[in-house]
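Trainee: One structure, as structure tokens, below. Some questions next.
Read the figures in this text as sums done on the coordinates, not as results from a lab. All values reported here derive from a predicted model rather than from experimental measurement. Cβ coordinates were reconstructed from backbone atoms using ideal geometry, including for glycine residues, and neighbour counts include every protein chain displayed.
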Amino acid sequence: MPIDADVIVIGGGTSGAAAALSLARAGRRVIVLDRFKPPHEHGEHHGGQRLFRTAYFEHPGYVPLLRRALDGWRRLEAESGERLLELTGAVYVGAPGGELISGSLRSAAAHGVPHEVLSPHEATEALPGAVLHESCVVMRERTAGYVRCDAAIAALLRVAEATGAKIRSGVPASGWSASSNSVEVATAGGILRAGLLIIAAGPWSGALLSDIGVRLTVTRQVQAYVEASPGGGPACCWAVEGLDGLFVYGFPRDHHAGTIKFGVHVHGPVLDPDRPTPSVTAREIEQARSALRGVFPSLANGRIHGSACRYTNSPDTHFIIDRHPAFPNVVFGAGFSGHGFKFAPVLGELLAKLVMDPGAEHPAPFLALSRFGGGG
């Protein structure tokens, strides 16, 4: 039976688009399916800015991947002709034993990430208007900043398509099946066939990967934007873990929008991905204002609006990237738990490597399915 492509990619968002680009660069025939037209507001990533940082508090194993991702973003900028990554630097503030500071310092020490430890007074010079507790520890990282989210996803898809990938928007995949050397993906327009499959479907990954033995939970997350005058607020990215455990993060002012984006790092209520994401409420805006007031009191008086996105969470909040336990020609990336966007170029490399080379060892074993007692 004839095949439609070498590889089908389910999901045209961040990791799916990046995987398609890596595959197309390798000369593979690729079809990308997305139920909407990316970039869109129904998946995990949309909007203007997403953090990029290297001294990764979550796990030191991410640092080598981030360095490769940095090279990947620069390559994409060169190929697309568009500026996507701004390395403004970042300042992290927290209690001495808190997760943010201890984890960031651990990763920096393990991998030689350039950084400085500042006094609270020095931190207020880097974060004008911030009110910081005198007992806090402050770390400044130079290799940090933000990626322009919607522009980056559009660039990934545009360059992938120019390199040979076929992008089919508005085509949801309702299911898939596989044998040892082929896969079939069901769509409303019929069955598509290929030798290999990558599942990178964001919030819909759980339904497509219901047999891997790991539950993925989709949650609703609020992002807030406060109006600020030119020169107002910090000139770099920032994250503050308060003594009360509240974790607030944000960006420098977006001079196009005239706003400063910020948020509280906490997993929100569980969502059904097939239902519309509820709009941000007035109560949530005031909760965001209260969180901002604890760090930047003067900024908190500005007009604030919000938008909602989705996290697809793994049980331990680390990514799951692996081959399917029953079908080595099916590879998936899922459970990015709200911190996957910055890795997009290297995620594409990892997914493409796993699917193209069935004998290759896992390039990032701490992200394998086997940590949950499953395959991989």
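Trainee: Give the Cα extents of segment 306-376 along the principal axes, in whole Å, largest first.
Mentor: Reported extents, whole Å, longest axis first: 46, 26, 18.
Trainee: May I pose another question? If one puts a single equal scatterer on every Cα of segment 95-198 and applies the Debye formula without solvent, what log₁₀ I(q)/I(0) results at q = 0.20, 0.24 Å⁻¹?
Mentor: So the normalised log intensities are -1.07, -1.30.
Trainee: Connecting C-alpha atoms closer than 10 Å in a GNM of the chain, tell me which of Trp204, Trp238, Trp176 has the biggest fluctuation.
Mentor: Trp176
Trainee: Modelling each spin label as a point 7 Å along the Cα-to-Cβ direction, I'd like the Glu86/Met356 distance in nm, to one decimal.
Mentor: Distance between label points: 3.4 nm.
Trainee: Segment 154-195: D in µm²/s via Stokes-Einstein (Kirkwood Rh, Cα pairs, 10 °C, 1.306 mPa s)?
Mentor: On the way: Rh = 11.8 Å.
Translational diffusion coefficient: 135 µm²/s.
Trainee: If you don't mind, there's one more thing I want to ask. Any chance you could give the angle, 0 to 90 degrees and rounded to 10, that helix 99-111 forms with the longest Cα principal axis of the chain?
Mentor: The angle comes out near 70 degrees.
Trainee: Okay, moving on. So what is the relative contact order of segment 174-308, in percent, for Cα pairs below 8 Å that sit 6 or more residues apart? Please report the intermediate quantities before stating the final value.
Mentor: Numbers: 209 pairs, mean separation 30.8, N = 135.
Relative contact order for segment 174-308 comes out at 23 percent.
Trainee: If the viscosity is 1.567 mPa s and the temperature 4 °C, what translational diffusion coefficient in µm²/s does Stokes-Einstein give for segment 239-298 when Rh comes from Kirkwood over Cα pairs?
Mentor: Values: Rh = 13.3 Å.
Estimated via Stokes-Einstein, D reaches 97 µm²/s.
Trainee: Which values, in whole Å and largest first, are the semi-axes of the equivalent ellipsoid of segment 1-133 obtained as the square root of 5 times each eigenvalue of the Cα gyration tensor? Don't jump to the answer; show the numbers that get you there.
Mentor: On the way: eigenvalues 280, 56, 41 Å².
Three semi-axes, in Å: 37, 17, 14.
Trainee: Compactness ratio of segment 148-218: Cα Rg over 2.2 N^0.38 Å, N = residue count?
Mentor: 1.28
Trainee: Straight-line reach from Lys37: which aspartates and glutamates have a Cα under 17 Å away, not including same-chain ones fewer than 8 places off?
Mentor: Asp150, Glu161, Asp274
Trainee: While we're on this one: Quick one: in segment 199-275, what % of C-alpha pairs are over 21 Å apart? Mind dumping the intermediate values first?
Mentor: Working: 1457 of 2926 pairs.
Result: 50 percent of Cα pairs exceed 21 Å.
Trainee: Mind telling me which of Ala235, Ala78, Ala188 comes out most flexible in a GNM of the chain, alpha-carbon contacts under 10 Å?
Mentor: Residue with maximal mean-square fluctuation among Ala235, Ala78, Ala188: Ala188.
Trainee: On to the next question. With θ taken as phi - 60° and the coefficients 6.51, -1.76 and 1.60, list the Karplus ³J(HN,Hα) couplings across segment 275-286 in order, rounded to whole Hz; mark glycine and proline as x.
Mentor: 9, x, 6, x, 5, 5, 8, 4, 5, 5, 4, 5
Trainee: In segment 302-327, which residues have a backbone nitrogen under 20 Å from the label point lying 7 Å from Ser210's Cα in the Cα-to-Cβ direction?
Mentor: 312-315, 324-327
Trainee: Follow-up question, since we're still on this one. Would you kindly give the portion of the calculated P(r) for segment 162-302 that falls above 23 Å, as a percent of all Cα pairs?
Mentor: Working: 5481 of 9870 pairs.
So the portion of pairs separated by more than 23 Å is 56 percent.
Trainee: How large is log10 of I(q)/I(0) for segment 217-374 at q = 0.12 Å⁻¹ when the intensity is taken from the Debye formula with one equal scatterer per alpha-carbon?
Mentor: -0.66
Trainee: Also: Have a look at the DSSP beta bridges in the chain and tell me what percent are antiparallel, nearest 5.
Mentor: 70 percent
Trainee: Return the FRET efficiency for the residue pair Ser102, Lys37: r is the Cβ-Cβ distance, R0 is 51 Å, and the value is rounded to the nearest 0.05.
Mentor: On the way: r = 42 Å, r/R0 = 0.83.
Calculated value: 0.75.
Trainee: Next question. Around Val346, what is the net charge, scoring Lys/Arg as +1 and Asp/Glu as -1 over all other residues with Cβ under 12 Å from its Cβ? Each step should come with its number before you reach the end.
Mentor: Details: positive: Arg67, Arg68, Arg75, Lys342, Lys353; negative: Asp71, Glu349.
Surrounding charge for Val346 is +3.
Trainee: Now for a different question. Quick one: go through segment 231-245 and flag any residue whose amide nitrogen is under 16 Å from the point 7 Å out along the Cα-to-Cβ line of Glu116.
Mentor: Output list for this probe position: 235-238.
Trainee: Give a residue-ordered list of calculated ³J(HN,Hα) values for segment 138-147 (Karplus: 6.51 cos²θ - 1.76 cosθ + 1.60, θ = phi - 60°; whole Hz; x for Gly, Pro).
Mentor: Once θ is set to phi - 60°, the couplings for segment 138-147 become 10, 10, 10, 10, 7, 7, 8, x, 8, 10 Hz.
Trainee: Before rounding to the nearest 500, sum -39500 (n - 2.57) across all DSSP H runs of length at least 4 in the chain and divide by the residue total; then give [θ] at 222 nm in deg cm²/dmol.
Mentor: Details: 8 runs with 95 residues, N = 376.
Helix contribution divided over all residues of the chain: -8000 deg cm²/dmol.
Trainee: Determine ³J(HN,Hα), in whole Hz, for all residues of segment 173-189 in sequence, where each value follows from phi through the Karplus function 6.51 cos²θ - 1.76 cosθ + 1.60 and θ = phi - 60°; x replaces Gly and Pro.
Mentor: 8, 8, x, 8, 9, 8, 10, 5, 9, 7, 9, 10, 10, 8, 10, 4, x
Trainee: Still on this structure: Starting from the Cα of Lys261, draw a straight line to each of the lysines and keep only those under 18 Å, dropping any in the same chain fewer than 8 residues away.
Mentor: Lys342
Trainee: Testing the spin-label approximation: label points 7 Å from Cα along Cα→Cβ at Asn301 and Thr281. State their distance in nm.
Mentor: 2.9 nm
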